[in-house]
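Every read-out reported here was derived from the displayed coordinates using simple, explicitly stated rules and does not represent laboratory data. Bear in mind that the values here come from a model prediction, so they are computed numbers and not experimental data. Cβ atoms come from the backbone with ideal geometry, glycine included; neighbour counts cover every protein chain shown.
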Amino acid sequence: MSGTLLQPEPSAPPNPWLKRALVGLVVVLVASTALYFLFRHYPEKRQVARFMDALVAQDYRTAYELWKPQPSFTYEHFLRIWGPNGDYGRLRSYEIVDVKSMGSVLLRVPVEAGGKERTLSVGGGGSGIIVTIRINNLNPPIQLWVEEKDKSLSFPPF
């Protein structure tokens, strides 16, 4: 039977699965984006935590191995910085304050004759992550550089 202007044919009800699928897709996208931003630097953060845990436990050999130093950076040099009588003293506690990736590096260059400093941006993307740590609840916190490819530790190059 065909409908008339006064009595049109009833339309088919909308498919509830289409709406459910769209809502599910949005939920998955939001959740995956949130998880990505929460855990994107997890391996680097874990490497710093393992390093700091070794220092707190006074296991300096393990900490030195986790640092993955260049051959010119000896164990004795490492102890002068991180040992019990080093620059930071005996480590009793630490807190990871911040973790951030370096897209481009900003350099402040002083200009001669009292001029203003210039800020230069060196692009190309960073190859590491900066982890900011507060040691023994002291300020200011220090920064460590974690190389993304091999998880070696050092101080930031800038």
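Modelled spin labels at L5 and A21, positioned 7 Å past Cα toward Cβ, are 3.8 nm from each other.
I need the peptides 58-66, 128-136, 7-15 ranked by packing, meaning the mean over residues of other C-beta atoms within 10 angstrom, with the highest value on top. Please report the intermediate quantities before stating the final value.
On the way: 58-66: 16.0, 128-136: 18.8, 7-15: 7.7.
In decreasing order of mean packing, 58-66, 128-136, 7-15 become 128-136, 58-66, 7-15.
Taking 0.36 nm per residue of separation and subtracting the Cα-Cα distance, full extension of the segment from T132 to Q70 would add 20.1 nm. In terms of the mean number of neighbouring beta-carbon atoms within 10 Å, the peptides 39-47, 137-145 order highest first as 39-47, 137-145. Given a Förster distance of 41 Å, report the FRET efficiency between T33 and R61 from their Cβ-Cβ distance, rounded to the nearest 0.05. Step by step, r from the Cβ atoms, then E = 0.50.
Straight-line reach from K45: taking Cα to Cα under 17 Å and skipping same-chain neighbours fewer than 8 places apart, the lysines in range are K68, K100, K149, K151.
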